[in-house]
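The values are calculated or read from the model by the stated rules, or taken from the named source; none is laboratory data. Predicted model, so just to flag it, every value in this text is computed and none were measured. No Cβ is skipped: glycine too gets one built from the backbone with ideal geometry, and neighbour counts run over all protein chains shown.
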């Protein structure tokens with residue numbers, strides 16, 4: 001429906017743009033003091049078009065204030081441009097102050113926007129306000145020379161009529177240097193009136209628009225609401241915008257009603273009079289009595305004191321200005337981590353400042369798929385949208401900043417962007433600049449650490465053209481701090497942004513067996529330090545650093561001095577699934593089956609075959625005990641000191657991923673069952689427990705023993721826990737463990753012992769007799785004392 005209305009509006013705009021108004025002279029029959037008014041009718045279909053503009057064209061009612069301020073800015077731009085050739089056009093006194101003033105009356109539901117721009121003649125009122133879609137700004141721009149430096153905003157000629165979103169009546173008072181002061185009035189009912197202003201020239205020059213607000217639009221006569229809207233949409237307009245604000249304060253005023261009552265004086269001698277007079281002179285004069293009174297004061301308050309620094313050259317802007325500007329647009333109290341300021345040229349021209357905040361927002365990941373980035377879109381310094389979802393990918397939603405372009409294709413309402421190939425061009429440039437900015441943090445840290453270690457680091461990383469800036473003061477830790485606060489977004493980018501995946505992979509950082517708990521290492525550093533003959537990048541995924549650092553899966557790799565990456569973020573394995581290799585090396589989980597390690601000799605393979613034959617009785621026995629809990633039991637090439645582990649297939653869930661899936665709030669175990677891969681048990685043939693169990697499995701008598709079966713089951717339970725899985729039946733596990741504890745304690749049975757007998761309480765008769773005798777003796781003593 002909305003699309004159909006917009007199409008209809010566009011057709012009406014095209015058909016009406018070149019028409020002229022029809023004049024109907026109306027003779028006033030009122031008193032002579034009332035000037036004659038000339039009444040005009042809108043053109044055919046205008047009423048229908050007005051209804052579309054008011055009810056369907058704009059999505060937000062707030063837009064009307066932005067449009068009216070933009071019109072005032074254009075009028076100021078026009079007079080400023082013309083005054084370059086003739087300074088007298090600016091006039092004298094206040095007329096030379098190119099500004100916009102906004103005032104309101106809440107009780108009368110009035111809102112007034114006043115500019116000291118070029119103003120309008122009577123014909124301008126008919127042409128621009130009486131002909132919908134006739135843009136005076138566009139006509140003025142066409143008349144200018146090609147080299148004129150103008151930043152006019154209006155282009156469609158319908159912005160003025162957005163006033164009817166919030167107003168029932170609109171009154172325009174305007175004064176042009178070449179004409180008298182006129183009043184234009186309309187209620188959007190199909191007609192408007194133009195009359196000479198009986199008050200004469202009160203404006204000097206410019207235009208004053210007064211809106212009679214609707215009953216449901218009283219919020220636009222509220223001081224705080226107006227401040228918020230001006231800051232949001234018109235903060236960077238070239239000209240100062242003043243809002244008439246009020247404040248209430250208590251002041252001390254003289255209390256005239258409080259008069260001191262004289263005290264009666266006693267008869268005094270002459271000497272006493274002299275003494276009293278001297279005392280009165282010595283006393284300080286009494287302060288006049290005051291009272292508190294509440295007063296309301298009014299003043300014009302500047303609303304757009306923040307300057308559009310992106311219009312200036314980066315070399316002219318100080319670091320303090322960049323930081324101040326970041327805090328102004330982001331409402332963040334912390335300093336930004338870094339920023340980039342650039343002008344893009346080519347197919348589309350735009351200016352942009354992009355910031356990486358110093359800390360992640362508290363709700364950054366709470367509504368990840370519903371929240372867009374914090375970029376603002378400006379066209380000629382007027383805010384068009386602060387939801388910039390189309391140009392910045394979701395994983396970069398932490399980026400703050402703005403984009404300002406004169407070339408962006410806007411809809412008539414100037415609220416949304418048209419789908420256009422230029423948008424894709426802008427989006428690609430923005431993402432590339434952001435990744436360059438993050439990459440520079442990483443390379444600067446690498447250089448700073450190399451310099452600290454006394455090494456000359458010849459970086460082969462990508463550089464920005466002409467980037468010879470010195471290292472920042474915190475270069476040694478800058479990227480580490482970024483990674484610890486916003487590294488998850490880079491991993492999300494690996495998942496979502498396939499065109500930039502190779503660039504994002506270079507930004508990943510992990511803890512490893514080589515770096516320890518305190519050092520983050522990149523995949524580039526891992527590949528550079530790989531052993532001779534190593535073709536795979538090994539990693540282990542787990543719940544935390546402490547959970548994986550002592551994992552039995554690491555034993556053999558540590559013995560061979562092979563570096564293993566610790567992946568302890570729940571999103572890590574999802575990222576690996578979308579990034580199966582880096583720099584030609586495949587990423588291999590060491591918890592998956594068929595682990596290939598470099599340096600394995602032929603002797604080790606033959607030894608593995610011998611162990612397989614030797615432990616065949618145990619593997620057959622354990623497969624019979626475990627049933628379908630395991631797919632197979634094999635000799636391990638990754639264990640050094642642990643008796644056994646459980647590994648999963650190459651394409652199924654790992655133990656860590658299985659744990660994550662089970663923890664999902666809306667997880668459906670029946671649907672995810674097919675992804676729970678069969679487990680393979682790997683046993684360590686050199687471990688004494690495994691060797692002893694093999695002996696028991698070889699003996700038919702001991703193999704049928706319940707204790708042997710319990711030991712085999714306990715071995716499986718220990719392997720589950722050691723490998724990161726959870727025990728499905730804790731009750732059965734604890735019962736089996738208690739049975740083995742009983743065997744270890746040489747208990748014949750685990751039946752409960754009989755309850756202990758409770759001894760009977762002693763009879764209190766003897767004690768009672770003694771108390772009675774004592775009472776009688778006490779009574780006799782008392783009687784004797786009384787006698």
note = Taking the range 640-654 and the residues there that are touching a strand residue (DSSP E or B) at 6+ places or on another chain (Cβ under 8 Å) and in a loop (DSSP other than H, G, I, E, B), the one that is nearest to residue 715 (Cα to Cα) would be 643
Selection count where residues are exposed (fewer than 13 other Cβ atoms within 10 Å of the Cβ) and in a strand (DSSP E or B), scope the range 215-255 = 9
Selection within the range 589-615 - assigned to a loop (DSSP other than H, G, I, E, B) and surrounded by fewer than 17 Cβ atoms within 10 Å (Cβ to Cβ) = 594, 596, 598, 599, 600, 601
query = If a residue has to be on the phi > 0 side of the Ramachandran plot and surrounded by fewer than 22 Cβ atoms within 10 Å (Cβ to Cβ) to count, how many in the range 157-191 make the cut?
reply = 2
request  = Working carefully through the options 209, 230, find the one that is within 32 Å of the chain's Cα centre (by Cα) and outside the structural domain of residue 375 (by TED's automatic domain parsing).
outcome  = 230
message = Which of the helices (runs of 4 or more DSSP H) found entirely inside the range 467-568 contain at least 1 residues meeting this: touching a residue at least 60 places away in the same chain (Cβ under 8 Å) and buried (at least 19 other Cβ atoms within 10 Å of the Cβ)?
response = 475-496, 501-505, 523-528, 555-559
note = Per the filter on the range 71-96, residues within 14 Å of residue 203 (Cα to Cα) and not in a helix (DSSP H, G or I) are 91, 92
task = Take the range 99-118 and flag every residue that is buried (at least 19 other Cβ atoms within 10 Å of the Cβ) and part of a strand (DSSP E or B).
result = 100, 101, 102, 103, 104, 111, 113, 114, 115
remark   = By residue number, the members of the range 310-340 that are under 19 Å from residue 350 (Cα atoms), in contact (Cβ under 8 Å) with a residue 24 or more places away in the chain and surrounded by fewer than 18 Cβ atoms within 10 Å (Cβ to Cβ) are 311, 314, 317
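Rundown of residues vs (1) closer than 24 Å to residue 618 by Cα; (2) assigned to a loop (DSSP other than H, G, I, E, B), yes/no style:
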residue	(1), (2)
710	yes, no
714	yes, no
727	yes, yes
737	yes, no
740	yes, no
748	no, yes
752	no, yes
759	no, yes
query = If you check residue 432 against the conditions, is it surrounded by fewer than 19 Cβ atoms within 10 Å (Cβ to Cβ), in contact with a strand residue (DSSP E or B) (Cβ under 9 Å, 6 or more places away or on another chain) and modelled with pLDDT of 80 or more?
reply = no
